[in-house]
Amino acid sequence: MAHPPRWRIPLRRSALTAAALTLAAGLSGCQTPPPEQNAAALSALSPAHGCTASLPTFGRFPGGGDATFDTYLPPHGRIAMANDGGWCTIAFTHNWRGGTLELVSPLSVRVPPAHGEAMVGSVGTTMRIAYRPAPGYVGPDRFSVHMAGPDPWNIPVEVTVTR
């Protein structure tokens, strides 16, 4: 019985290693957060009076051995605030695999709010989600934030704006 021909593509080991290193560097570059993402703008926001903001603990936590478990899939942020022209901010750190590592990941607004504006980023090791309603708006609003990194998450945020 005849065997099909074998095709070989000659690759030198150094070329293959260089390609693998380039790919790894490119992938790690996608995961590396910009340092202090929007830090100056987030630090300069004027806070709203009567702001209550929460985001439950979420992330990967040790379950024994190499096992991990996810908590709060997806995490769900809540903001209640008065519309006085200020910003309401949720500040949080992300627990990854149960270590003491405070992980900062790039954030982006995935779905913008319909009745206001949202800003995201990090200041030091703390990630921040900030919201300000449109002038004169009273009522519900919502938006979604995407957190990249080794454990990507989509974070929906429900907002209640009062006078």
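The values are calculated or read from the model by the stated rules, or taken from the named source; none is laboratory data. A quick note: this is a predicted structure, and the numbers were derived from the prediction, not measured. All Cβ positions, even for glycine, are placed from backbone atoms using ideal geometry, and neighbour counts span all protein chains on display. With ligands, DNA and RNA removed, areas are computed over all heavy atoms of the protein, side chains included. Shrake-Rupley method; radii C 1.70, N 1.55, O 1.52, S 1.80 Å.
Overview of values
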quantity	calculated
Subset of the stretch 139-156 [at pLDDT 95 or above and surrounded by fewer than 13 Cβ atoms within 10 Å (Cβ to Cβ)]	G139, P140
Which numbered condition R132 fails, given (1) within 14 Å of L55 (Cβ to Cβ); (2) open to solvent by 20 Å² or more (accessible area, probe 1.4 Å)	(1)
Scan of the stretch 39-89 for residues that are outside any strand (DSSP E or B), open to solvent by 60 Å² or more (accessible area, probe 1.4 Å) and either modelled with pLDDT of 95 or more or of a type in the set (A, V, I, L, M) (or both), ordered by number	A40, S43, A44, S46, L73, D84
The stretch 94-108, residues that are within 20 Å of S144 (Cβ to Cβ) and either modelled with pLDDT under 65 or in a loop (DSSP other than H, G, I, E, B) (or both)	V104, S105, P106
Counted residues, the stretch 115-130 - those being aliphatic (A, V, I, L, M), within 19 Å of A82 (Cβ to Cβ) and more than 10 Å from the chain's Cα centre (by Cα)	3
